[in-house]
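Each remark here refers to the structure printed beneath this line.
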Amino acid sequence: MLGRVTIERTNPDNLHPTPGYHHVTRVQADTLVYLAGQCPLDPSGTLAGAGLEGQTEQVIKNILVALDAAGAKPDDVVRTVIYVASADRDELAAVWTQLNDSPLAPAFTSASTLLGVAQLGFPGQLVEIDVTAAL
C-alpha cells in the first residue's frame, strides 16, 4: 500500500514571479514515476497533427494515458520539461498556453522548464515533454 504524498509548491520571495509554475517543488512520497519523453505519435506510431497545435494536443493525450497507466493524475506531477523545436518565443508561448488550457494543466503548476531546441528525435517532430510524478 502506498503512503501519503506531500507536494509543496513555493515561490521564494527573492525570485521573480512566474506565469503559473513554481520555482520550488518539494516532494515527500513513496513512489516516483518517470515518463519517457512523450512525443506527438498516435497509437499507430504516426506523427500526429500538422504544426505545433496538433502535435501538442497529441502529446497531451499521450501524457494523460501514461499517467493513468502509472496510477497517477496531472495533480501528481512534480516536474516537467517541455521541448519545442523552435527559436520563436511566440511559438513557445503558444505551446505553454495550450498546455495550461488543457486537462493536463495542473501538471504545469510544479517546477517546469520550457526550452526551444534545434530539433527533436523524429523527423517533423516539434514538441516533446518529460514528466515526473509522485505517488
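Every number here is computed from the coordinates shown, using simple stated rules; none is lab data. All values derive from a computational prediction rather than experimental measurement. Positions of Cβ are generated from backbone atoms using ideal geometry, with glycine treated the same way; all protein chains shown enter the neighbour counts.
Selection over the stretch 45-60 of residues that are of a type outside the set (S, T, Y) and surrounded by fewer than 18 Cβ atoms within 10 Å (Cβ to Cβ) gives a count of 8. Pairing each residue of the stretch 120-135 that is at positive phi with any residue that is part of a strand (DSSP E or B), provided the two are 6+ apart or on different chains, yields C-beta distances under 8 Å for G124/L47. Filtered by the rule that a residue be of a type in the set (V, I, T) and either out of contact with any strand residue (DSSP E or B) (no Cβ under 9 Å at 6 or more places or on another chain) or within 23 Å of N11 (Cα to Cα) (or both), the stretch 96-128 gives T97, T109, T113. Taking every residue in the stretch 79-100 that is among the polar types (S, T, N, Q) and pairing it with any residue that is in a helix (DSSP H, G or I), at least 6 positions away or on another chain, the pairs with Cβ-Cβ distances below 7 Å are T80/A107; T80/F108; S86/L92; Q98/E53; Q98/T56; N100/F108.
Quick test for you: out of G45, G37, G20, pick the one residue that is assigned to a strand (DSSP E or B) and within 21 Å of E128 (Cα to Cα). G37 is the lone residue from the list that is assigned to a strand (DSSP E or B) and within 21 Å of E128 (Cα to Cα).
I need a count of the residues in the stretch 51-97 that are within 13 Å of Q38 (Cβ to Cβ) and aromatic (F, W, Y). The number of residues fulfilling the criteria is 1.
Kindly indicate whether any position in the stretch 48-63 is within 16 Å of the chain's Cα centre (by Cα) and of a type in the set (D, E). Scanning the stretch 48-63 turns up at least one residue that is within 16 Å of the chain's Cα centre (by Cα) and of a type in the set (D, E).
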